[in-house]
Every structure is written in structure tokens, then in C-alpha cells.
Amino acid sequence: MPNNITAVLRTGTDDLRGGNDNLNLIVLLRDENRLRFDNVNDGSRWENNSLRIVRRELPDNLSFADILGLRLVTTFGGGISGDNWSLSALRVSAEIDGQSLALYGESGDPLARFTGENPIRDFVVPSPLPLVLTAAFETGSDDLRGGNDNVSLVVVLNDGREIRFDNVNQGKRWGDHSMHDVIRSLPGSLTDADIAGVRLETTLGGGPTGDNWNLESLSVVANKERTVQLLSSAGLPIRFTHEHPVHYFEAAH
């Protein structure tokens, strides 16, 4: 199989229009050369909250260390009729000589906002390479309200340390039966074997107007030198309330 780079891009609440409003992908190399791939959406629209996978071939003589980062360049016109695009999550990995390595992973609301006035964004590979954690949440028949009713993700390590990511829904509502990916980078010194589990902490208010949240499933994947499924609770719904705001999931290595 040839060497390749893969970008997994999730559109947020403002679509990529397509037509004349497209996305170019540029691989930045440490020797200041560039590998350019134009119109990776093929002129097609990327709808709100949609996920797209872009894979492009890399030269045979390239190594992981040669890759500095990824540049996203949009071709939007400015003004009232110009397009805008919200990118809510980006994961970048490369496969070289049969080995796969995660290079970058982050999410946000948005992670980046592209406009006619701001058409370019660089995403630089951290050094040392991070451990990238992807948590896929599926809300059940009772939404997470947002506002003051939010959820935090806590990564629990085997040595007792904890790494907190507060308010991972960023104050936004997660509607009934909706899917949400939360991507966070952990220190490069860590591996998947260092993770004991993850804890979800909600800030749900009590009383008749307090929020409740049904979590239908949670899948957590770690990616560095390899991809590891840390946990999956598919088909095991959990109900979070003011009285039961926290749940811990033990990693299965």
C-alpha cells in the first residue's frame, strides 16, 4: 500500500458550499517544501455536522518526522454573498511503510472559522507527538441541555493523576439521539497503557426545572503509534441527573 496522509474533518454549524467555494489541503514539510492537493471536496457541498475523510498519497521517501503540519486553504469570495465554513473537528494521521501514526487531533465549537477574509489555517504537529483521544458520545431520548448543564471529561491515569477537559460540549445542547465527537490531545509522554479510565462529570441542576441526560453509548479510542479501543458502552444507556451526576468508565486494554 502506498504512503498516505488522512484528514478526518467534521463540519460544524455552517456548511462548506462547494461549487466555487472549496477546500485545498497542503501538507507542510520541515524542509519548507509543500505537497498541495486542491479541491479535496471535489466541488461538492459538505453539510452542517457532516463528517468527511480525505486521503491523499505521499511520496515514497517521506518519513513521519518530515511532516510539520497541515494547512487548510479555502477559496471563498468575500462580501455579503461569500461563503463561510465552520470546522468543528480535525484528525490527521499518516501511513508510511505500513505503519500508521496519529499526527494531530482537536475539536472545538468551532475549531476554526473560515471566511473570505480569513481563508487559511495551519495545524502544526506537536512535538513530541501527542496521544490523541477521541470520545464519541451518543445521546439517547433525553438531551443534554447546555448553558449551565454541561459535561466534563476526566482522563484518569494509572498513577492516580487526572487530566481534565471541562465543558466538552462547550455550553451547547446535545439533542436527542445525536452523535458528538470530542477530540483531545494528551501529553506526548503518555501511551494508551497509562490510561486507567475516563470519568464523566455533569453539572445538572436539581429540582423540577433541572436537566437530566441519557447517554446511549460512549466509545473512546486512543491513537498514537497504534489505534486502541479503550472502552465502548454501546447499548448500555446511562442516565445522568442532579442526584447521579458522575460516572466512571474503566479502560479495557
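A short reminder: the numbers here are calculations on the coordinates, not readings from a lab. Note that the coordinates shown come from a computational prediction; the quantities given were computed from them, not determined experimentally. No Cβ is skipped: glycine too gets one built from the backbone with ideal geometry, and neighbour counts run over all protein chains shown.
With the Cα gyration tensor of the chain giving a ≥ b ≥ c as the square roots of its eigenvalues, does the rule (a/c under 1.5 for rounded; else a/b larger than b/c for prolate; else oblate) give rounded, prolate or oblate? Working shown, then result.
Details: a/c = 2.38, a/b = 1.33, b/c = 1.78.
Cα axes put the chain in the oblate bin.
Give me the compactness ratio for the stretch 23-101, meaning the Cα radius of gyration over 2.2 N^0.38 Å.
On the way: Rg = 14.6 Å, N = 79, 2.2 N^0.38 = 11.6 Å.
The value comes to 1.26.
What distance in nm separates the two pseudo spin-label positions at D109 and T13, each 7 Å out from Cα along the beta-carbon direction?
For D109 paired with T13, the spin-label model returns 0.8 nm.
Given Cβ point charges of +1 (Lys, Arg) and -1 (Asp, Glu) and nothing else, what value in debye, to the nearest 20, does the dipole of the chain about its Cα centre take? Can you show the working numbers first?
Working: 23 positive and 35 negative charges, 56 e Å.
Dipole about the Cα centre, nearest 20: 280 debye.
Could you list S93, S152, S44, S127 in order of exposure, starting from the residue whose Cβ has the fewest other Cβ atoms within 10 Å? Please report the intermediate quantities before stating the final value.
Numbers: S93 19, S152 16, S44 13, S127 9.
If I rank by nearby Cβ atoms, fewest first, I get S127, S44, S152, S93.
Can you give me the distance in nm between label points at S152 and S44, each placed 7 Å from the Cα along the Cα-to-Cβ direction?
Result for the modelled spin labels: 4.1 nm.
What full-extension length gain, to one decimal in nm, is calculated for E250 and R34 as 0.36 nm per residue of separation minus the Cα-Cα distance? Kindly include the intermediate steps, with their values, before the conclusion.
Working: separation 216, 0.36 × 216 = 77.76 nm, distance 4.25 nm.
Working it through step by step, the gained length comes to 73.5 nm.
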